[in-house]
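Student: Encoded as structure tokens, here's the structure I'll be asking about.
The values are calculated or read from the model by the stated rules, or taken from the named source; none is laboratory data. Keep in mind that what you see is a predicted model, and the values were worked out from it rather than measured. As a convention, Cβ positions derive from the backbone with ideal geometry for all residues, glycine included, and neighbour counts pool all protein chains shown.
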Amino acid sequence: MLEAVSFIGRLLNKGTDLVEGLVQDVAVTPKSPKYLVKLNFELQSGQKRLTWDMAEIPQEENTRRSFLARWRWVGNASGNNPQFFLTTTNPEYLLGSENPKKLAPLMLLGELEKRGEKGELYQRLLGIKNNFFREESDGRYLLDMAGLDWRGSKDKPQKVEEVVNGILKDLGLTKKKVALWTLLFNGRPLVDEQPYDEIILSYMQRSFEGDELLDGVCSVCGKEKTKVAFSAFERLSFLKYYITDKLGAASHLVKEGFSKNFLICQPCFQDLMLAENFIRNNLSLRVGDLNFLVLPSFLILPEEVDAQELSFWVERLKTRVAGLVSTAAWLESIAGSKKSLEEELQNFLYELPYENQAILSFLFYRKAQSELRIFALIKDVSPSRIGHLLRQSYALAMKAERLLGLKGCWLDLTRIYQLIPLSSGNQTEQKKILYIYEGLLKQYPISYSFLIQQFLLLAKTYVLEKYDGTNIIRPPDKLKELVLAEKMMEAGFFFKLLREERLLKGVRDLCDKDFQGLGLDELDSRMRDYLKEMRYSPAETALFLLGYLLNEVGKGQYLFGHKDKPVLEKLNYQGMPWPKVRQLANILFEKLRQYDRLKFNERLYATMKALFDGYRDNWPLGPEENVFYILSGYSYGVLASAQMGKKEGEEE
């Protein structure tokens, strides 16, 4: 992976402004505009003023990138490193921080003094220090409001937080709308002054300025170099291969032992910096509360592609992967297109340059302050696999609409995420969904019994309304049953997808009879088509019919005045053994009679009973499977009733 990412960096590092290549992006949408606030320290004829202005960050991608490059937004200094950057997300870094190392104007001034650079940038920063800040007894520098012409409220603020709030109030902005803050002196942006860019690059590559440089072989390019470093890796984010500030990570537990792990030369380090930033800006996606990066590895030589072609390829790749993450979002993005949906799908699913010349890795992570916690790295995924899964999902969505009336039932990563209940913030729980994603992407078998357990837990979450602390969103009370029914049907189609992909582990094919020979003539044609499409065995079909009749009893109970459906209390979501299933089947006959639903379902009940009688003492399914297929039939009935009610309402 290291060489693959370095390859992207080499493409980007051909005659490119290196600082511009390190510029980070800002998330901007029409519903969520973001702004840059310019803080201007003015010193004219001995009069001190603090003024401010704002600029909206453009929404169009290329214009936004140019805007952010112009203001040199390259991120904040990580951890407790000194803050030199004058465009930042935190106004305290410009106006006064509790941590002296984070007050950027003074830290940058000190760095220039150390370098002997006393040009325009130095003089302007010195003017800010001497006229706008005062030194405290503990060595900290704070904004000096004495003699300062304050444009805000009549009462001058005394704390930085009050200063910031006053500026936001005057501009009519909230903190959430301000993405960036930057510094001007007498109306001139300080990021324009030289040698500001050199300071940025020096900070990024500081590992190559110290005394720890060695002679050795670069771990990236494999060439023997006179100046290679091990500590440079700690300057990276998701490519930080090992810890360089804890001796426990070094060979022989001594500092010199780090050189036994990875060494890197400065040109390769620049490549990795550019590639990391490019990938973070262009190939960063999210599903649920999981962030992930798509890392492409090319199988072609650097001469065969340039940076412009790379950007085009990456844009198409991100669109395709984003479609797999959330097809609904992709469909929304093409709304209003002059092309038909079928044309868009053709381009979306089938046209991707270099599809056979690259492989992908998916890096799932969580960023907490300066810490990057990696959950999983799914390696060596072909781009064609993404397209294949999208085509399969599209085909199943069309079948779900035809058989169930479910529209937009795309089995993308987001829908699958919503089928697996996860405890929020629990890293062990995240492994459940990552296990499924890895199976889908890498074509590894997924445990059938594991999925059955998760789907029963999903049903239990809805029925008992245990949403808090999970990734399952609470639906409106009136829609709870309908939403649960849709989720259980989606779970059934997910099983169908995995069966067709031969990715189900531990499942037995019980469909040993031809479907026409099951004696299901009493079923309506739509239900028969559904059961045939899902390849239900006689035992699974019997449970499905039991669930359907369970819903019929529930409908009767509702019509008799029950607010809920007491018959659902007969289900045990931990699982039901065969004797309990037979007992429930016998109870249902009386319940159907009691609530006046038997006359509509007598033949259906007889069909179900005949299927059950074919097993008696050799029932082939386990307790949890029993409940899942009962819930499938129940959910089918709920959806059928909802669609019938909608149709009758439209006719009226």
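Student: Given the residues LEU396, LEU404, LEU389, LEU456, which is the only one that is surrounded by 15 or more Cβ atoms within 10 Å (Cβ to Cβ) and at pLDDT 95 or above? Talk me through it step by step, then tell me what you get.
Tutor: Numbers: LEU396 fails: at pLDDT 95 or above; LEU404 fails: at pLDDT 95 or above; LEU389 fails: at pLDDT 95 or above.
None of the other options fit; the residue is LEU456.
Student: Here's another thing I want to ask about it. Can you pull out the residues in region 60-86 that are part of a helix (DSSP H, G or I) and not hydrophobic (A, V, I, L, M, F, W, C)? Please lay out each step first, then the result.
Tutor: Quick first cut of region 60-86, residues part of a helix (DSSP H, G or I) only: 61-70.
Across region 60-86, the qualifying residues are GLU61, ASN62, THR63, ARG64, ARG65, SER66, ARG70.
Student: Hey, can you tell me all the residues within region 160-213 that are in contact with a Leu (Cβ under 8 Å, 6 or more places away or on another chain), in contact (Cβ under 8 Å) with a residue 24 or more places away in the chain and loosely packed, with under 14 Cβ neighbours inside 10 Å?
Tutor: Listed by number, the residues that qualify are ASN186, GLN194.
Student: Can you name the condition, by its number, that LEU411 falls short on among (1) touching a helix residue (DSSP H, G or I) at 6+ places or on another chain (Cβ under 6 Å); (2) part of a helix (DSSP H, G or I); (3) among the aliphatic types (A, V, I, L, M); (4) closer than 21 Å to ARG385 by Cβ?
Tutor: Going through (1) touching a helix residue (DSSP H, G or I) at 6+ places or on another chain (Cβ under 6 Å); (2) part of a helix (DSSP H, G or I); (3) among the aliphatic types (A, V, I, L, M); (4) closer than 21 Å to ARG385 by Cβ one by one, LEU411 breaks only (2).
Student: Could I ask something else about it? Mind listing just one residue for me: the one in region 528-563 that is more than 37 Å from the chain's Cα centre (by Cα) and not in a helix (DSSP H, G or I) and, of those, nearest to ARG597 (Cα to Cα)?
Tutor: The residue in question is PHE560.
Student: Say whether the condition of being in a helix (DSSP H, G or I) and either among the aliphatic types (A, V, I, L, M) or buried (at least 19 other Cβ atoms within 10 Å of the Cβ) (or both) is met by at least one residue in region 364-378.
Tutor: Looking for residues that are in a helix (DSSP H, G or I) and either among the aliphatic types (A, V, I, L, M) or buried (at least 19 other Cβ atoms within 10 Å of the Cβ) (or both), one finds none in region 364-378, hence no.
Student: If you don't mind, another one. Only one of GLU590, GLU569, GLU624 is in a helix (DSSP H, G or I), within 16 Å of GLU481 (Cα to Cα) and not hydrophobic (A, V, I, L, M, F, W, C); which?
Tutor: Values: GLU590 fails: within 16 Å of GLU481 (Cα to Cα); GLU624 fails: within 16 Å of GLU481 (Cα to Cα).
Just one listed residue meets the conditions, GLU569.
Student: Just the residues that are surrounded by fewer than 21 Cβ atoms within 10 Å (Cβ to Cβ) and under 41 Å from the mean Cα position of the chain (by Cα), please, taken from region 113-142.
Tutor: Passing the criteria: ARG140, TYR141, LEU142.
Student: Which one is nearest to MET145 (Cα to Cα), of the residues in region 43-69 that are among the charged types (D, E, K, R) and buried (at least 16 other Cβ atoms within 10 Å of the Cβ)? Working first, answer last.
Tutor: At the first step, the residues of region 43-69 found to be among the charged types (D, E, K, R) are 48-49, 53, 56, 60-61, 64-65.
Okay, now just the ones that are also buried (at least 16 other Cβ atoms within 10 Å of the Cβ), so 48, 64-65.
Working: LYS48: 10, ARG64: 35, ARG65: 36 Å.
Residue satisfying both the conditions and the ranking: LYS48.
Student: When you look at LEU523, is it assigned by TED's automatic domain parsing to the domain that holds PHE628, closer than 20 Å to ARG603 by Cβ and modelled with pLDDT under 90, yes or no?
Tutor: Details: assigned by TED's automatic domain parsing to the domain that holds PHE628: yes; closer than 20 Å to ARG603 by Cβ: yes; modelled with pLDDT under 90: yes.
Here the answer is yes, as LEU523 does meet what is asked.
Student: Okay, next question. Restricting attention to region 87-107, does a residue exist that is touching a residue at least 40 places away in the same chain (Cβ under 8 Å), more than 16 Å from GLU193 (Cβ to Cβ), in a loop (DSSP other than H, G, I, E, B) and charged (D, E, K, R)?
Tutor: So far as region 87-107 goes, yes, one or more of its residues are touching a residue at least 40 places away in the same chain (Cβ under 8 Å), more than 16 Å from GLU193 (Cβ to Cβ), in a loop (DSSP other than H, G, I, E, B) and charged (D, E, K, R).
Student: Within the set of pairs 6 or more residues apart or between chains, which connect a residue that is in contact (Cβ under 8 Å) with a residue 24 or more places away in the chain inside region 441-470 to a residue that is surrounded by 15 or more Cβ atoms within 10 Å (Cβ to Cβ) and of a type in the set (Gly, Ala, Ser) with Cβ atoms less than 8 Å apart?
Tutor: Hits for this filter: PRO445/GLY439; ILE446/GLY439; SER449/GLY622; LEU451/ALA491; PHE455/ALA491; LEU456/GLY575; LEU458/ALA491.
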